[in-house]
Amino acid sequence: MSVATKIASPVMTITDSAAQRVRAMLDGRGKPSTGVRVGVRTAGCSGLSYTLEFADDVNEFDEVVQDKGVTVFVDPKATMFLVGTEMDFVENDLESGFVFHNPNERARCGCGESFHV
């Protein structure tokens, strides 16, 4: 009888473009950082907005995603909102920034700055 081992999937995934941009941000910061922290906060007309900040320390209950040479910490208060999310970085003629492809989103406001689940 074999016992199947369940391998936990990371809370979120990181595209090559996002990893490259995170590395550039960390390199340009001017002081050592452990990585970046992703979270959500109450904001906008739909209720929630993504946050991204430098992380100098690991918080006790952070989810840690290490992929493509970068470390992204997920704030524990945001984990349930971000499960299955893909973090991408888009740069074109009209926009430049991180984009979160979140399967938990039920709607997004017209300006794209906030969402609700």
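Nothing in this text is a laboratory measurement; each read-out follows from the coordinates by a stated rule. The shown structure was predicted, so the numbers you read here are calculated from the model rather than taken from an experiment. Reconstructed Cβ throughout: ideal geometry from the backbone, glycine too, with neighbour counts over all protein chains shown.
Quick one: net charge around GLU60, please, counting Lys, Arg +1 and Asp, Glu -1 for every other residue with C-beta under 14 Å from its C-beta.
Summing Lys and Arg as +1 and Asp and Glu as -1 gives -2.
Among GLU86, GLU63, GLU95, what is the fewest-to-most ranking by other Cβ atoms within 10 Å?
GLU95, GLU86, GLU63
By count of other Cβ within 10 Å, fewest leading, how are MET25, MET12 ordered?
MET25, MET12
Taking neighbour Cβ counts within 10 Å as the exposure measure, how do LEU82, LEU26 sort from fewest upward?
Lowest count first: LEU26, LEU82.
Once you compute Rg and the Kirkwood Rh from C-alpha atoms, what is the Rg to Rh ratio for segment 12-116?
0.95
For an R0 of 22 angstrom, estimate the FRET efficiency from the Cβ-Cβ distance between ALA24 and GLU53 and round to the nearest 0.05.
On the way: r = 16 Å, r/R0 = 0.72.
Efficiency, from the Cβ-Cβ distance: 0.90.
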